[in-house]
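Worksheet for the structure shown next.
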Amino acid sequence: MSAGTQKIIPLADLAARVPDGSSLALGGSFLHRGPFAFVRELIRQGRRDLEVVKQSPGYDIDILCRAGALSRAKAGIVAMEGNFGLAPWYRRAIESGHVRLEEHACASLTAGLRAAAFGVPFMPCGGIHGSDLPALNGWKTIEDPYGSGEAVYAIPRIQPDFAVIQANEVSESGDVRVYGTSHWDRIMSRSAKRVLVVAERVAPDASFRDQPELTLVPHFLVEAVSIVPNGAWPGSLWPDYAIDYPAVEAYMADDPGVLDAHLAAGPEAREAAHV
Amino acid sequence: MSAGTQKIIPLADLAARVPDGSSLALGGSFLHRGPFAFVRELIRQGRRDLEVVKQSPGYDIDILCRAGALSRAKAGIVAMEGNFGLAPWYRRAIESGHVRLEEHACASLTAGLRAAAFGVPFMPCGGIHGSDLPALNGWKTIEDPYGSGEAVYAIPRIQPDFAVIQANEVSESGDVRVYGTSHWDRIMSRSAKRVLVVAERVAPDASFRDQPELTLVPHFLVEAVSIVPNGAWPGSLWPDYAIDYPAVEAYMADDPGVLDAHLAAGPEAREAAHV
Amino acid sequence: MSEAVSGARGDWSGFSYIVTNLARFVRPNEITFSGVNSALPMLACLLAKRAYPFAFTYINVAGGVDPNPSAVPISSSDPVLAEGSRAIFANEDFYDLCTRGLMDLCFLGAAQVDGLGRTNVSCIGDWHAPRVRLPGGGGGAVMLPTARRAVTWRTEHSRRTLVETLDFVTAAGGMHGVVTPIAVFTKREGRLVLASWHPEASLDEVRDRTGFAFAADGAAPTPPPTPEERAALAALDPEGRFEADAGIRLR
Amino acid sequence: MSEAVSGARGDWSGFSYIVTNLARFVRPNEITFSGVNSALPMLACLLAKRAYPFAFTYINVAGGVDPNPSAVPISSSDPVLAEGSRAIFANEDFYDLCTRGLMDLCFLGAAQVDGLGRTNVSCIGDWHAPRVRLPGGGGGAVMLPTARRAVTWRTEHSRRTLVETLDFVTAAGGMHGVVTPIAVFTKREGRLVLASWHPEASLDEVRDRTGFAFAADGAAPTPPPTPEERAALAALDPEGRFEADAGIRLR
């Protein structure tokens, strides 16, 4: 993490920082404020063997499965949502064994990220008792060493290689601002080894100085940023735009050429084509 | 916690909610944005046997010791700061055994509050190794159950009876806004059984709706609020006012009548006298 | 004419039945939560706000706290659900609220429910070689044991959704209520019991179509929607779009 | 005329010596932190920002990230230290940053320091019946073992502050540097060693006034303040108020 250097780079260069085999915590939830232009760029660059770490992935994990870019996932709930139901290419990738799932509760995934963020090897997590998930994942209980008699599940540390955050605005130095819910972006940005950001636009440094309380991630935690207007398409980015439902519907068609056409329709691809 | 009821009450009524023997997480740090009018009101009402839970108390813990209202403390560092050095009445209370200290690192106290906020009986905390604090407090280490070989200190849950937050602004329903650093107020508000707030002023609900991201504590976690202009006196409340150094200096004098004069000089006392 | 409107004429659609009966679990002054993939509980919470003469705190997965959304979104995690909110209470916050025991009522999804009120949202068939990989439980495994009350719903009432044996236990713990197009179950002494059935159904039909055994003493036909409940749902879904999308049939 | 100004004439006050040598621990592109009760490290960080031709991230206990404070506050936790900051990085955040291993340089207070670089900030005498109750370690017990480098300072160089045996071990771990009015220590193979001494002092004087044994091979008089360092400190303390408040004497 560097101070004061120029951090704003083209999307292709941002995605190029992610090697094959990386684990990626992706911001947002379902079709909302996900780093979707970034994910498509990874696919265009032919990335392989990726891991998604996200409490509620949807379109992002589905398209990575569809492109054959994913081998592993840690997730709590996976769906397209918004009436589109299950994420079909993800579903097939799991059913066929092409992708290995570590199934979580959303909060157990958060607990693993907290362990990384807090610098400890594991994190106690409430609930979970009675679920089959611990047996699946080898999670162990720890007795309260202070004699309350409570036993609590310990979730092992989860430290993604990257957190990729889709933001509304960044400062020129890479401070990150998000409107509406921050989902799990804060803990992702504190647990990953490296933080990459895609933002709609640059806002003046002065606006960050006026309201520093609104900054979700300070610049010194951010390695690099790309500016991609409409970069969360076909998802929403509050308050700038809503889900493009026809585009998602078109994506859902299981026909040859659909993926390529969808990738070509991404705002980042159309932007690049003009260059 | 109630929804939609009238939460704004006089300071005397707010302080009256705290029974003798309560533990109080107090917001702010040293001379900055502490609920000092509230603390003085507790003294005026003759409260006894209180516990302060705060990473970096100063004036607040000192005046409670001076008034004989405190019996216990959990703290990381205690000082008047700002050139005033040690907190003298606190120091005497500890040296004489009148107040029992549970000495923490600031982060271990935070870990205990996190355990309460996260609903688990203990919280692993980084560092601490080599310190005499664990022996003092009976803190135990836990081996990473996942075989990393790391052993980490587990801090027992700390759940204060009350968190008392000094805020810049509240909405009419009790949403809480703070400018500048939030110190440990967020985790205090999530770990205590009950949350009380003292604010400089009421801001329009519309301003909270316009920037909900700025709200530190939502109204439904807040039991009651008092409006006390200048309530953090003699400390600072950014950006409204700075430390009143002459007032702190006057407080430091170890002469008869100084405490009474100081209590009488509090803005909340002068306000009440006008009623 | 949509079924929502036709519902106002007297018959009670499965859609309206589920939304209305989910709403009836909401209590005064409590904290109630709706999450992702949860259009029906979202509508239930918004219905309760409109139809019931008491205050409660509605928080949702979009970070909203008692929001005034300008539109009812198709996606139950849409950020419009935080519109008009005076605070953002984001994901870490509401999960922590639940694990520390302050979540009064939590709506959680399920694919299968058993007689103990446990849920499967993970898979049909063996987890390691599933016939169908389901979404996963999201909040369930943590929220179901820690919420004061959790309530789920199924849009299909059948022996494949209400089962004797789950294919996988995604979440266990305090499921307090289950609503289907024809029945409302609540929990008593650790097991689901029938509370009421759709006026167009019967106890026998519910038994026939339910995979687990249940007690039904005290059960009766569900009281029909009040004018306030009907009006609230009609206002939330004036075009019947949600009702059409949900595609819920009694049989 | 203040000592800060007189320092600019050639002699080197204990105040300037400590602030300048603390600043010299700051390295390019790193994350450096100053906390509560830490006026001298606060000045050192602000000095480094002005005097050194490289960028680094300065975060502080007031939540500031590379702030531009309109004034240098008496209290090193004053919110003015977040003025001009584009983010608030509050207490939980910077502690977590440290425990997960990303805090490059952290200034931590101490009352006593031993030859291993451990600190006592808790008490003089027995902890349970102290002659003097000290402030407590604040960040120390967690930050000292987890920061990549931690540096402390003492305004008095004596056998009661630099001790063979601490009255209490508040914090142990990686103390990388200690600065006093007459000496700079760094750590080598787990023990503090003398790096340099004040040009007006001597190796013998440092040995005489230090309670623990230390190696001094390679040690030499401390290089005097550069014009940039002098100018920066003069600008930060133009009236000599901080210097007067600190009341630091070489002997």
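The values are calculated or read from the model by the stated rules, or taken from the named source; none is laboratory data. Predicted model only: the values in this text are computed from it and were never measured. Here the Cβ positions follow ideal geometry from the backbone for every residue, glycine too, while neighbour counts run over all protein chains shown.
When A:Gly68 is evaluated against the numbered criteria (1) within 23 Å of A:Met252 (Cα to Cα); (2) touching a helix residue (DSSP H, G or I) at 6+ places or on another chain (Cβ under 8 Å), which criterion, by number, is the only one it fails?
Result: A:Gly68 passes all but (2).
Being under 19 Å from D:Arg241 (Cβ atoms), in contact with a Leu (Cβ under 6 Å, 6 or more places away or on another chain) and more than 9 Å from every other protein chain (Cβ to nearest Cβ), is that true of even one residue in the stretch D:57-70? Steps first, answer last, please.
Within the stretch D:57-70, the first condition is being under 19 Å from D:Arg241 (Cβ atoms), and the residues that meet it are D:69-70.
Now restrict to residues that are in contact with a Leu (Cβ under 6 Å, 6 or more places away or on another chain): D:69.
Checking the rest, the ones that are also more than 9 Å from every other protein chain (Cβ to nearest Cβ) come to D:69.
Yes, the stretch D:57-70 contains a residue that is under 19 Å from D:Arg241 (Cβ atoms), in contact with a Leu (Cβ under 6 Å, 6 or more places away or on another chain) and more than 9 Å from every other protein chain (Cβ to nearest Cβ).
Name every residue in the stretch D:12-56 that is free of Cβ contacts under 8 Å to residues at least 40 places away in the same chain and within 14 Å of chain B (Cβ to nearest Cβ), in order of residue number.
Scanning the stretch D:12-56 gives a single hit, D:Met42.
Which members of the stretch D:68-78 meet the condition of being buried (at least 24 other Cβ atoms within 10 Å of the Cβ) and either touching a residue at least 60 places away in the same chain (Cβ under 8 Å) or not acidic (Asp, Glu) (or both)? Steps first, please.
Quick first cut of the stretch D:68-78, residues buried (at least 24 other Cβ atoms within 10 Å of the Cβ) only: D:75-78.
Across the stretch D:68-78, the qualifying residues are D:Ser75, D:Ser76, D:Ser77.
Name the single residue that is surrounded by the most Cβ atoms within 10 Å (Cβ to Cβ) among those in the stretch B:192-224 being among the small types (Gly, Ala, Ser) and under 25 Å from C:Ala62 (Cβ atoms). It would help to see each step written out before you state the result.
Start the filter on the stretch B:192-224 by keeping residues that are among the small types (Gly, Ala, Ser), which leaves B:192, B:199, B:203, B:206-207, B:224.
From what is left, the residues that are under 25 Å from C:Ala62 (Cβ atoms) are B:203, B:206-207.
Details: B:Ala203: 16, B:Ala206: 10, B:Ser207: 14.
In this case the residue turns out to be B:Ala203.
Would you confirm, using the coordinates I've provided, whether A:Ala15 is within 14 Å of chain C (Cβ to nearest Cβ) and outside any loop (DSSP other than H, G, I, E, B)? Break it down stepwise before answering.
Numbers: within 14 Å of chain C (Cβ to nearest Cβ): no; outside any loop (DSSP other than H, G, I, E, B): yes.
So A:Ala15 fails the test.
Scan the stretch A:217-275 for residues that are among the β-branched types (Val, Ile, Thr) and closer than 20 Å to A:Ala12 by Cβ and jot them down.
Applying the first criterion (among the β-branched types (Val, Ile, Thr)) to the stretch A:217-275 yields A:217, A:222, A:225, A:227-228, A:243, A:248, A:258, A:275.
Residues satisfying the conditions are A:Val222, A:Val225, A:Ile227, A:Val228, A:Val275.
Conditions (1) in a helix (DSSP H, G or I); (2) within 14 Å of another protein chain (Cβ to nearest Cβ), marked per residue:
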position	(1), (2)
C:Val169	no, yes
C:Gly173	no, yes
C:Ser196	no, no
C:Val206	yes, no
C:Pro224	no, no
C:Ala231	yes, no
C:Phe242	yes, yes
C:Asp245	yes, yes
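In the stretch B:207-225, is there at least one residue being among the basic types (Lys, Arg) and under 17 Å from B:Pro267 (Cα atoms)?
Taking the stretch B:207-225 and keeping what is among the basic types (Lys, Arg), we get B:209.
Going one step further and asking which of them are under 17 Å from B:Pro267 (Cα atoms), we end up with none.
No - not one qualifying residue is present in the stretch B:207-225.
With (1) within 14 Å of chain C (Cβ to nearest Cβ); (2) part of a loop (DSSP other than H, G, I, E, B); (3) farther than 29 Å from A:Cys125 by Cα as the list, and A:Arg48 as the residue in question, which single condition is left unmet?
(1)
The rows are residues; the columns are (1) within 13 Å of chain D (Cβ to nearest Cβ); (2) more than 17 Å from B:Leu24 (Cβ to Cβ); (3) charged (D, E, K, R); (4) not in a loop (DSSP other than H, G, I, E, B).
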{"position": "B:Ile165", "(1), (2), (3), (4)": "no, no, no, yes"}
{"position": "B:His183", "(1), (2), (3), (4)": "yes, no, no, no"}
{"position": "B:Met188", "(1), (2), (3), (4)": "yes, no, no, yes"}
{"position": "B:Val195", "(1), (2), (3), (4)": "no, no, no, yes"}
{"position": "B:Ala199", "(1), (2), (3), (4)": "no, yes, no, yes"}
{"position": "B:Ala206", "(1), (2), (3), (4)": "no, yes, no, yes"}
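Which ones in the stretch C:144-166 are more than 10 Å from chain A (Cβ to nearest Cβ) and either more than 16 Å from the chain's Cα centre (by Cα) or hydroxyl-bearing (Ser, Thr, Tyr) (or both)? I'd like the intermediate steps shown before the answer.
Of the residues in the stretch C:144-166, the ones more than 10 Å from chain A (Cβ to nearest Cβ) are C:148-165.
Answer for the stretch C:144-166, where residues must be more than 10 Å from chain A (Cβ to nearest Cβ) and either more than 16 Å from the chain's Cα centre (by Cα) or hydroxyl-bearing (Ser, Thr, Tyr) (or both): C:Thr152, C:Thr155, C:Ser158, C:Arg159, C:Arg160, C:Thr161, C:Val163, C:Glu164, C:Thr165.
With the condition kept exactly as written, say whether any residue in the stretch B:70-85 is of a type in the set (A, V, I, L, M, F, W, C), within 15 Å of the chain's Cα centre (by Cα) and under 12 Å from B:Val39 (Cα atoms). Steps first, answer last, please.
Here is the first cut: in the stretch B:70-85, the ones of a type in the set (A, V, I, L, M, F, W, C) are B:70, B:73, B:75, B:77-80, B:84.
With within 15 Å of the chain's Cα centre (by Cα) added as a condition, the list becomes B:70, B:73, B:75, B:77-80.
Filter once more, so that each one left must be under 12 Å from B:Val39 (Cα atoms): B:70.
The answer is yes, given that some residue of the stretch B:70-85 is of a type in the set (A, V, I, L, M, F, W, C), within 15 Å of the chain's Cα centre (by Cα) and under 12 Å from B:Val39 (Cα atoms).
Could you look through the stretch C:97-131, keep only residues that are closer than 30 Å to B:Gly112 by Cα and within 8 Å of chain A (Cβ to nearest Cβ), and pick out the one that is surrounded by the fewest Cβ atoms within 10 Å (Cβ to Cβ)?
The selected residue is C:Arg100.
Against the conditions (1) within 7 Å of another protein chain (Cβ to nearest Cβ); (2) within 30 Å of C:Cys98 (Cα to Cα); (3) in contact with a helix residue (DSSP H, G or I) (Cβ under 6 Å, 6 or more places away or on another chain), where does B:Val78 fall short? Just the number, please.
(2)
Can you tell me how many residues within the stretch B:97-122 are farther than 26 Å from D:Arg149 by Cβ, facing another protein chain (nearest Cβ under 7 Å) and without any contact (Cβ under 8 Å) to a residue 40 or more places away in the chain?
Number of matching residues: 5.
Just to be sure I understand, how many residues within the stretch B:53-96 are without any contact (Cβ under 8 Å) to a residue 40 or more places away in the chain and at positive phi?
3
Go through the stretch A:237-275 and give me each residue that's modelled with pLDDT of 95 or more, loosely packed, with under 15 Cβ neighbours inside 10 Å, assigned to a helix (DSSP H, G or I) and of a type outside the set (Gly, Ala, Ser).
A:Pro246, A:Glu249, A:Val258, A:Asp260 - these are the residues of the stretch A:237-275 that are modelled with pLDDT of 95 or more, loosely packed, with under 15 Cβ neighbours inside 10 Å, assigned to a helix (DSSP H, G or I) and of a type outside the set (Gly, Ala, Ser).
Quick one: would you say A:Pro234 is part of a loop (DSSP other than H, G, I, E, B), surrounded by fewer than 17 Cβ atoms within 10 Å (Cβ to Cβ) and not hydroxyl-bearing (Ser, Thr, Tyr)?
Working: part of a loop (DSSP other than H, G, I, E, B): yes; surrounded by fewer than 17 Cβ atoms within 10 Å (Cβ to Cβ): no; not hydroxyl-bearing (Ser, Thr, Tyr): yes.
In short, no.
Say whether the condition of being surrounded by 16 or more Cβ atoms within 10 Å (Cβ to Cβ) and in contact (Cβ under 8 Å) with a residue 60 or more places away in the chain is met by at least one residue in the stretch A:131-145.
Checking the stretch A:131-145: not a single residue is surrounded by 16 or more Cβ atoms within 10 Å (Cβ to Cβ) and in contact (Cβ under 8 Å) with a residue 60 or more places away in the chain.
Which number in (1) buried (at least 20 other Cβ atoms within 10 Å of the Cβ); (2) within 26 Å of D:Asn29 (Cα to Cα) marks the one condition that D:Gly136 misses?
Answer for D:Gly136: the failing condition is (2).
So A:Pro160 fits all but one of (1) within 10 Å of chain C (Cβ to nearest Cβ); (2) within 30 Å of D:Asp66 (Cβ to Cβ); what number is the exception?
With respect to (1) within 10 Å of chain C (Cβ to nearest Cβ); (2) within 30 Å of D:Asp66 (Cβ to Cβ), A:Pro160 is out only on (1).
Being more than 7 Å from every other protein chain (Cβ to nearest Cβ) and either crowded, with 24+ Cβ neighbours inside 10 Å or polar (S, T, N, Q) (or both) is the filter here, so list the residues in the stretch C:79-93 that pass it.
So in the stretch C:79-93, the residues more than 7 Å from every other protein chain (Cβ to nearest Cβ) come out as C:80-81, C:83, C:93.
Correct list: C:Leu81 only.
Just one of B:Arg72, B:Arg91, B:Arg40 is of a type in the set (D, E, K, R), in contact with a strand residue (DSSP E or B) (Cβ under 7 Å, 6 or more places away or on another chain) and either surrounded by 24 or more Cβ atoms within 10 Å (Cβ to Cβ) or assigned to a strand (DSSP E or B) (or both); which is it?
Working: B:Arg91 fails: either surrounded by 24 or more Cβ atoms within 10 Å (Cβ to Cβ) or assigned to a strand (DSSP E or B) (or both); B:Arg40 fails: in contact with a strand residue (DSSP E or B) (Cβ under 7 Å, 6 or more places away or on another chain).
Exactly one residue qualifies, and that residue is B:Arg72.
Can you work out which of the residues in the stretch D:210-235 that are under 19 Å from the mean Cα position of the chain (by Cα) and surrounded by 19 or more Cβ atoms within 10 Å (Cβ to Cβ) is nearest to D:Ala23 (Cα to Cα)?
Residue satisfying both the conditions and the ranking: D:Glu229.
Considering A:Glu200, A:Glu223, A:Glu169, which residue is more than 28 Å from B:Arg209 (Cβ to Cβ) and charged (D, E, K, R)? Let's see the steps before the verdict.
Numbers: A:Glu200 fails: more than 28 Å from B:Arg209 (Cβ to Cβ); A:Glu169 fails: more than 28 Å from B:Arg209 (Cβ to Cβ).
Exactly one of A:Glu200, A:Glu223, A:Glu169 is more than 28 Å from B:Arg209 (Cβ to Cβ) and charged (D, E, K, R), namely A:Glu223.
Check B:Ala199, B:Ala192, B:Ala167, B:Ala264 and return the single one that is among the aliphatic types (A, V, I, L, M) and either over 29 Å from C:Glu30 (Cα atoms) or over 15 Å from the mean Cα position of the chain (by Cα) (or both).
Details: B:Ala199 fails: either over 29 Å from C:Glu30 (Cα atoms) or over 15 Å from the mean Cα position of the chain (by Cα) (or both); B:Ala192 fails: either over 29 Å from C:Glu30 (Cα atoms) or over 15 Å from the mean Cα position of the chain (by Cα) (or both); B:Ala167 fails: either over 29 Å from C:Glu30 (Cα atoms) or over 15 Å from the mean Cα position of the chain (by Cα) (or both).
Every option except B:Ala264 fails the conditions.
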